[in-house]
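Notes follow the structure.
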Amino acid sequence: MNITTISYLRNRKKRQQKFASLTVYDATFASLCEQHGISVMLVGDSLGMTIQGHDSTLPVTLDHMIYHTRCVRRGATKSWLLADLPFMCYATLSQAYESAAELMRAGANMVKLEGGFWITKTVRCLTERAVPVCCHLGLTPQFVNIFGGYKIQGRDKDSADRLLADAVALERAGAQMLVLECVPVALAECVTRTLAIPVIGIGAGAVTDGQILVMQDVLGITGDRAPSFARNFLVDCEDIPNAISLYVQEVEAGKFPTEQHSFY
């Protein structure tokens, strides 16, 4: 496996070659994922729920993210590695600079921020200072208390138009990747076609350039907390390596997600 770069991912988008990514938190699974075709990984603040047992991502600190980013980078030396900036760690520009620098020093290739047009200045300033940025739109978990729960976003015309406008503004500000979570397929397709940067979907249908799931959901070990857009790939395989390989194969072939795992 060659070292994955943002240029490689942009070229895959141009060639309409889909790619699979996973959210991982430790060196062992990061190494296994890299060996079986995962070239993009995210150290997500979802670790608050998946690893720490909280009911949201809000308790996750920057120190937590630094620790897990270091772990994953040790296990996956060639993959493109994103790391979440956790809740209120980028509320000001100075906070964003310091937080992003710590995650980059820990081994991240790119930091991920939640929010729309209101974070364009942060995106632009980070990019100007050599920090690649991935933005996150749709269901943004750090906003759970604003949304009133984990709800599908962009279902009506006004909110869909706002989301598309946010996506365009973020790309113009310098964002080099976008994660789109829990939005209707038609909106995800519109955003993906409009932007030149790679769009990774989670609960956004098979129309995006890439897909991402939490590794524990792919392996069916999150119990009754598994979201409806996830699929247990381990149930069809004899072991974890084959489950990861199957996930990669089905994403690249456009077979996952299906209508069953999408919103309309």
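Looking at Val199, Val218, Val214, can you tell me which residue is β-branched (Val, Ile, Thr), at pLDDT 95 or above and under 22 Å from Gln176 (Cβ atoms)? Before the answer, list the steps.
Working: Val218 fails: under 22 Å from Gln176 (Cβ atoms); Val214 fails: under 22 Å from Gln176 (Cβ atoms).
The match here is Val199.
Restricting Ala30, Ala20 to residues that are among the hydrophobic types (A, V, I, L, M, F, W, C), buried (at least 20 other Cβ atoms within 10 Å of the Cβ), within 22 Å of Val191 (Cβ to Cβ) and at pLDDT 95 or above narrows the list to Ala20. When Gln142 is tested against the conditions (1) surrounded by fewer than 20 Cβ atoms within 10 Å (Cβ to Cβ); (2) more than 24 Å from Thr5 (Cβ to Cβ), the lone failure is (1).
Filter segment 209-226 down to the residues that are closer than 25 Å to Gly48 by Cβ, buried (at least 17 other Cβ atoms within 10 Å of the Cβ) and touching a residue at least 60 places away in the same chain (Cβ under 8 Å) and list them by number.
So the first thing to find is which residues in segment 209-226 are closer than 25 Å to Gly48 by Cβ, and the list is 210-226.
Next, only the ones that are buried (at least 17 other Cβ atoms within 10 Å of the Cβ) stay: 210-219, 222, 226.
Within segment 209-226, Gly210, Gln211, Ile212, Leu213, Val214, Met215, Gln216, Val218, Thr222 qualify.
On the given criteria, is His36 within 30 Å of Gly148 (Cα to Cα) and surrounded by fewer than 23 Cβ atoms within 10 Å (Cβ to Cβ)? So His36 fails the test.
Every residue, every condition in (1) charged (D, E, K, R); (2) under 25 Å from Leu9 (Cβ atoms); (3) out of contact with any Asp or Glu (no Cβ under 6 Å at 6 or more places or on another chain), yes or no:
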{"site": "Leu22", "(1), (2), (3)": "no, yes, yes"}
{"site": "Ser31", "(1), (2), (3)": "no, yes, yes"}
{"site": "Gln35", "(1), (2), (3)": "no, yes, yes"}
{"site": "Leu42", "(1), (2), (3)": "no, yes, yes"}
{"site": "Thr50", "(1), (2), (3)": "no, yes, yes"}
{"site": "Ser56", "(1), (2), (3)": "no, no, yes"}
{"site": "Arg70", "(1), (2), (3)": "yes, yes, yes"}
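Residues Val144, Val111: which one is touching a Ser or Thr at 6+ places or on another chain (Cβ under 6 Å) and of a type in the set (A, V, I, L, M)? The unique qualifying residue is Val144. All conditions but one from (1) buried (at least 23 other Cβ atoms within 10 Å of the Cβ); (2) closer than 20 Å to Lys14 by Cα; (3) not β-branched (Val, Ile, Thr) apply to Glu171; the one that does not is (1). Looking at Met104, is it farther than 19 Å from Val214 by Cβ and either modelled with pLDDT under 95 or touching a strand residue (DSSP E or B) at 6+ places or on another chain (Cβ under 8 Å) (or both)? Yes; evaluated as a whole, the condition is true for this residue. Look at segment 124-143: where a residue is over 18 Å from Ile200 (Cβ atoms) and a partner is surrounded by fewer than 20 Cβ atoms within 10 Å (Cβ to Cβ) and of a type in the set (Lys, Arg), sitting 6+ places away or on another chain with Cβ atoms under 9 Å, you get Arg124/Arg172.
Considering segment 227-240, and only residues there that are surrounded by 14 or more Cβ atoms within 10 Å (Cβ to Cβ) and at pLDDT 95 or above, the residue that is farthest from Thr23 (Cα to Cα) turns out to be Cys237.
Just give me the residues in segment 174-208 being part of a helix (DSSP H, G or I) and surrounded by fewer than 21 Cβ atoms within 10 Å (Cβ to Cβ), in sequence order. Give the steps one after another, and end with the answer.
Residues of segment 174-208 part of a helix (DSSP H, G or I): 185-194.
Result: Val185, Ala186, Glu189, Cys190, Arg193, Thr194.
Go through segment 129-182 and count every residue that is more than 16 Å from the chain's Cα centre (by Cα) and of a type in the set (Val, Ile, Thr). Residues in segment 129-182 being more than 16 Å from the chain's Cα centre (by Cα) and of a type in the set (Val, Ile, Thr): 5 in total.
Residues that are in contact (Cβ under 8 Å) with a residue 60 or more places away in the chain: find the helices (runs of 4 or more DSSP H) completely inside segment 20-123 holding 2 or more of those. Outline the logic, then answer.
Values: elements: 27-35, 47-50, 62-75, 93-105.
In segment 20-123, the matching helices (runs of 4 or more DSSP H) lie at 27-35, 47-50.
The values are calculated or read from the model by the stated rules, or taken from the named source; none is laboratory data. In this text the structure is predicted, and so the values were computed from the model without any measurement. Heads up, the Cβs are rebuilt from the backbone with ideal geometry, glycines too, and the neighbour counts pull from every protein chain shown.
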